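We did not get these values from a lab; they are worked out from the coordinates using the rules stated. Just so we're clear, the structure is a prediction, and the values are computed from it rather than from any experiment. Every residue, glycine among them, receives a Cβ derived from its backbone with ideal geometry; neighbour counts consider all protein chains shown.
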C-alpha cells in the first residue's frame, strides 16, 4: 500500500470552556485546523477528523481547558485510523486541563493502528484536586487480518501540579505482546478516574486485581484510579474494563 498524504504536517486545535456571567458555557479558541476540528452542541464537545490523518509525518496537537464549574462530555464522531508513516512517523499530543469544580467525561472512539503505522500518542492530564475527570483510551492493534504497526502511547497525570501517574504501552519493547504485556490481545482499553470516588474501600496506593486475568484496577494515589483491560475485540475489552471498575 502506498503512503497516503493530504499535505498536512502540523495541526493544532485548542478549546477553552468557561462559564459566563449568565451561566451559559462559553467556548473559544482555535476550534478548527484541518484535518481536525471541534464542534460544540451545548452539552458535548465533538472531535471531528477529515481525510486520512494521521499519516506520513503528521503531528496533531489537541488542547482542551475546562474552567471552574463547567461540565462537559468530549466525544469523537468516528475512530481514528493511523496510516502508513514516513520520516519521524506520526504523533498525536493531547493536553487536558480541568479546573476545580469542573467535570470532564472524555470518551473518544478507538485509535486503530495499521500495519505500516509508526505512531506516538501522548496524553497529559492536569487536574485540580476538586475536579472530576474520566478519560478513556482504546487502542486497536491492527485491523482485521493485519499485524499492528509501531506504537508508543503514554498517559501522564498531574493533580494540583503534582505527578500522580505515568504509564505507557510501547510495541518496541521486547516481549510487549507476551504474557508480561498484552498477552496476544489485539485491543487495550484504559479508563482514568480522578476525583469523585474518594478512596477505594478505604485502600490507598493499592493495586486491585480483577478476578479476570486480563484486567486490573490500580490506585496510584488517593482519588486516582486507572483500569486497564485487554481483549480480542473492543466490546470484550470494554466489558473487562467496566467489570474491574465495579469491584
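Compute the distance from the alpha-carbon center of segment 75-140 to that of segment 211-247, in whole Å. Result: 18 Å between the Cα centres. Applying 0.36 nm per residue to the separation of residue 160 and residue 232 and subtracting their alpha-carbon distance, the gain on full extension is 22.2 nm.
For the pair residue 147 and residue 32, label points projected 7 Å from Cα toward Cβ lie 4.1 nm apart. Summed over qualifying helices (DSSP H, 4 residues or more, each -39500 (n - 2.57)) and divided by its residue number, the chain shows a 222 nm mean residue ellipticity of -1500 deg cm²/dmol.
Can you tell me the relative contact order of segment 10-196? Whole percent, Cα pairs under 8 Å, sequence separation 6 or more.
That works out to 16 percent.
DSSP finds beta bridges in the chain, and of those with both partners inside it, around 45 percent are antiparallel.
So between residue 75 and residue 50, what do we pick up on full extension, going 0.36 nm a residue minus the alpha carbon distance?
7.5 nm
Computed extension length for residue 43-residue 172: 42.5 nm, one decimal, from 0.36 nm per residue of separation with the Cα-Cα distance subtracted. Computing mean projected area of the Cα convex hull in nm² directly from the structure and comparing it against [x] 17.1; [y] 12.6; [z] 13.5 singles out [z].
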